[in-house]
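Structure first, then comments.
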Amino acid sequence: MSRIGAKFDELRSRGEKALITFVTAGDPTLEATRDLVLEMEKRGADIIELGIPYSDPVAEGPVIMRANSRALKNKIRIKDIMGLVSDIRKTSEIPLVYLLYFNCILRYGPERFFSDCKSGGVDGIIVPDLPYEECDEIYGIAKDYGIDLIMLVAPTSRERIEKIAGKAGGFLYCVSSLGVTGVREKFSTDFKSFFECINRYSAVPKALGFGISTPAQAEELGKYCDGIIVGSAIVKRVEEGLAAGDFQARVGGLVAGLKSALEKVR
Amino acid sequence: MTEYRKGRYGRFGGQYVPETLMNALIELERSYYAARDDNEFLREYDFFLKEYAGRPSLLYYARKMTEELGGAKIYLKREDLNHTGSHKINNVLGQALLAKKMGKRRVIAETGAGQHGVATATAAALFNMECEIFMGSEDMERQSLNVFRMRLLGADVREVSSGTGTLKDATSEAFKEWAARVGDTYLVVGSVVGPHPYPEIVRDFQSVIGSEVRAQVLEKERRLPDCLIACVGGGSNAMGLFYPFIGCSGVEMVGVEAGGEGLNARHAASITKGSVGVMHGMKSFFLQDEDGQIDPVYSISAGLDYPGIGPQHAFLFESGRARYEPVTDAEAVEAFKYLTKTEGIIPALESAHAVAYALKLAPALPRDKILVVNLSGRGDKDVYSVARYMGVNVNE
């Protein structure tokens, strides 16, 4: 079992929900990303997503797009991010997941990509622009290397949920609402029926993401699923702390707040 | 064209989109296939092409140009004479009617040069639909006249300043907007790009160009042409011209790419210099680096300023059925001036790329050969850009 599966098992045995946090790798620097990962782990994150910066991220809202631009301006390369993961693995066993666009895997070379993920210590990948219909292109090779291919389902997925869940590794990424990533004031999705439908078909853990930014939202939505994913709100703290250089403290504070909110959900 | 599976052209095409859009694409495919087989729908489409867009467009024998060049006989397919000034209206009328049939009350579109945006805004005005156009900030500046035109037509023009502020970024933002409002919104894709079924839909609606050329050239010459020439950005006017001729092995097909400032400088020649990748929902050729980051590209013509090409063209190239040649800004501007002076026709800068290649090719061919050049749009919108390029100060 991967670190991801083991982490969900461990949390479930304690009756806890997973806090999954996201940062863009290389925003503002790779060293900062390493420090942010370790800080988030210390403050209660259970799984961490590393966004691989991309020139044309079609699922991202403005906050993460700006983070991508900042990282790319620093000429961050995928092989450098692979190096960052190896570095983190020297001191941490926290499950690490890449979020990246399919073109990056294609150009890096799928074989080389999964081999490097395995040797570096990456546990899973999320590819927002690789739907069920196209995922066979890397499904087999990901499995061969033991990397979890984390699939996404959306409120619009309906009858597609069953077949998507059948391919899901690690956890099922449940998209809270339509549109791109980014903070939302409120949600119009009927989560009760969304998750009833998902639970009918899937035994893997379910995590809910897109637009969740506050501890109150985490507490409210945590009851529907096994974990909560927070991305843009964290990246926003990084952005806000750039000038003063105190982004690590800002991110740490938010993560701690989210974690204690989730601890109230049992 | 061999389609190994739905939406695939050889190894190209596909549906590389977020899950939030998959059911919307499936619904679009189902609705389109139903419309394609529905005589009522086709009659309505034909009616608007004829009575509103002004089809069929002329196939004009460019006698002066042919005689001056002293080689192959040159015909110009006059898509510039269509209502709204380019071939874009063919596709837009079809998709707007489809949107109406699907019960959508709002259309959105990306635009580069503004021709597709103007065509979409026009159809939205005609069919009483809400309309929002996504346009890169750089293109809004280059094509300010078309921005004003779209606003007059009642469309909202949304400025896209992310990335390079051009067609690529406008396309990404249009897809995002669609993902956020799939319920009431129809995305009118303007070229043979994007996830399946868009390349197929746009190809079908544009193939009226090639079908007319076929009938017109048979009538005038009693035979098929030897070579078809069209510019390619995403590639819709070229695909529209080529598609009805794909099975005719004697007909050569040339797509002309934007060579910009030259292939060792800034350009947008996706097939000549690109590699296989995935963007905007499709697998095709893209200009990109080793990590798959999409390169900033450049052409004097905003409509060709795109780092990729439609998957059907990628397949025609790989299978050897068509070839793709770059033409530089300088050559395109020369051709723009040449056609204007010689035939009294001001071509769009995009189309001037095709003309430029014809200027190179025709003299090398014997007089009994027949070339058809697709004049995809008119050049009024580009007069300022050309003046600027020539260093002439006109009152803007």
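The values are calculated or read from the model by the stated rules, or taken from the named source; none is laboratory data. Since the structure is predicted, the reported quantities are computational estimates derived from the model, not experimental observations. Note: ideal-geometry Cβ built from the backbone for every residue, glycine included; neighbour counts use all protein chains shown. Each accessible area value is taken on the protein alone, full model and side chains, heavy atoms only, with ligands, DNA and RNA left out. Shrake-Rupley method; radii C 1.70, N 1.55, O 1.52, S 1.80 Å.
So that you can scan it fast, the table gives a plain yes or no per residue for (1) in contact (Cβ under 8 Å) with a residue 40 or more places away in the chain; (2) under 25 Å from B:R181 (Cα atoms); (3) away from chain B (no Cβ under 14 Å); (4) within 14 Å of the chain's Cα centre (by Cα):
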| residue | (1), (2), (3), (4) |
| --- | --- |
| A:E159 | no, yes, no, no |
| A:I164 | no, yes, no, no |
| A:L178 | no, yes, no, no |
| A:K192 | no, yes, yes, no |
| A:I198 | yes, yes, no, no |
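Of all residues in region B:346-367, which are assigned to a loop (DSSP other than H, G, I, E, B), touching a strand residue (DSSP E or B) at 6+ places or on another chain (Cβ under 8 Å) and open to solvent by 10 Å² or more (accessible area, probe 1.4 Å)?
Within region B:346-367, B:I346, B:L365, B:R367 qualify.
Taking region B:49-58 as the region of interest, how many residues are part of a helix (DSSP H, G or I), without any contact (Cβ under 8 Å) to a residue 60 or more places away in the chain and open to solvent by less than 100 Å² (accessible area, probe 1.4 Å)?
Qualifying residue count, region B:49-58: 1.
Write out, first by first residue and then by second, each pair whose Cβ atoms fall under 6 Å of each other, whose residues are 6+ apart or on separate chains, and whose first residue, in region A:2-17, is surrounded by 12 or more Cβ atoms within 10 Å (Cβ to Cβ) while the second is of a type in the set (D, E, K, R).
Once the first residue is surrounded by 12 or more Cβ atoms within 10 Å (Cβ to Cβ) and sits in region A:2-17, its partners that are of a type in the set (D, E, K, R) give A:S2/A:D123; A:S2/A:D148; A:R3/A:D123; A:I4/A:D123; A:I4/A:D148; A:K7/A:D46.
Need pairs with beta-carbon distance below 7 Å; first residue more than 7 Å from chain A (Cβ to nearest Cβ) and within region B:276-292, second among the charged types (D, E, K, R) and surrounded by fewer than 24 Cβ atoms within 10 Å (Cβ to Cβ); sequence gap 6+ or separate chains.
Between residues of region B:276-292 that are more than 7 Å from chain A (Cβ to nearest Cβ) and residues that are among the charged types (D, E, K, R) and surrounded by fewer than 24 Cβ atoms within 10 Å (Cβ to Cβ), the close pairs are B:K283/B:R11; B:L287/B:K273; B:L287/B:D295; B:D289/B:D295.
Do any residues in region A:105-129 that are away from chain B (no Cβ under 14 Å) and farther than 27 Å from A:T181 by Cα have Cβ atoms under 6 Å from those of residues that are of a type in the set (S, T, N, Q) and open to solvent by 40 Å² or more (accessible area, probe 1.4 Å), where the two are at least six apart or on different chains, and which pairs are they?
A:G120/A:S86
Could you tell me which of the residues B:V213, B:V208, B:V202 is touching a residue at least 60 places away in the same chain (Cβ under 8 Å), among the β-branched types (V, I, T) and open to solvent by 10 Å² or more (accessible area, probe 1.4 Å)?
Sole residue among the options that is touching a residue at least 60 places away in the same chain (Cβ under 8 Å), among the β-branched types (V, I, T) and open to solvent by 10 Å² or more (accessible area, probe 1.4 Å): B:V208.
B:E325 passes all but one of (1) touching an Asp or Glu at 6+ places or on another chain (Cβ under 9 Å); (2) buried (at least 24 other Cβ atoms within 10 Å of the Cβ); which number fails?
(2)
Which of the strands (runs of 3 or more DSSP E) contained wholly in region B:152-260 include at least 1 residues that are at positive phi, away from every other protein chain (no Cβ under 14 Å) and under 21 Å from the mean Cα position of the chain (by Cα)?
The qualifying strands (runs of 3 or more DSSP E) are B:252-260.
Could you check A:E239 against (1) under 19 Å from the mean Cα position of the chain (by Cα); (2) modelled with pLDDT of 95 or more; (3) under 25 Å from A:V122 (Cα atoms) and say which number it fails?
Evaluating A:E239 over (1) under 19 Å from the mean Cα position of the chain (by Cα); (2) modelled with pLDDT of 95 or more; (3) under 25 Å from A:V122 (Cα atoms) leaves (3) as the failure.
Within region A:234-251, can one find any residue that is within 14 Å of chain B (Cβ to nearest Cβ), out of contact with any Asp or Glu (no Cβ under 7 Å at 6 or more places or on another chain) and surrounded by 22 or more Cβ atoms within 10 Å (Cβ to Cβ)?
No, region A:234-251 contains no residue that is within 14 Å of chain B (Cβ to nearest Cβ), out of contact with any Asp or Glu (no Cβ under 7 Å at 6 or more places or on another chain) and surrounded by 22 or more Cβ atoms within 10 Å (Cβ to Cβ).
Restricting the search to region A:51-86, which residues are of a type in the set (D, E, K, R) and either over 16 Å from the mean Cα position of the chain (by Cα) or farther than 25 Å from A:F114 by Cα (or both)?
A:D56, A:R66, A:R70, A:K73, A:K75, A:R77, A:K79, A:D80, listed by residue number.
For region B:261-275, which positions are more than 14 Å from every other protein chain (Cβ to nearest Cβ) and assigned to a strand (DSSP E or B)?
Scanning region B:261-275 gives a single hit, B:A268.
Test A:E39 against the stated conditions and say whether it is surrounded by fewer than 24 Cβ atoms within 10 Å (Cβ to Cβ), closer than 15 Å to A:V255 by Cα and more than 14 Å from every other protein chain (Cβ to nearest Cβ).
yes
Could you go through region B:273-280 and let me know if any residue there is of a type in the set (S, T, Y) and touching a Gly at 6+ places or on another chain (Cβ under 7 Å). It would help to see each step written out before you state the result.
If we filter region B:273-280 for residues that are of a type in the set (S, T, Y), which is where we start, we get B:275.
From what is left, the residues that are touching a Gly at 6+ places or on another chain (Cβ under 7 Å) are none.
No - not one qualifying residue is present in region B:273-280.
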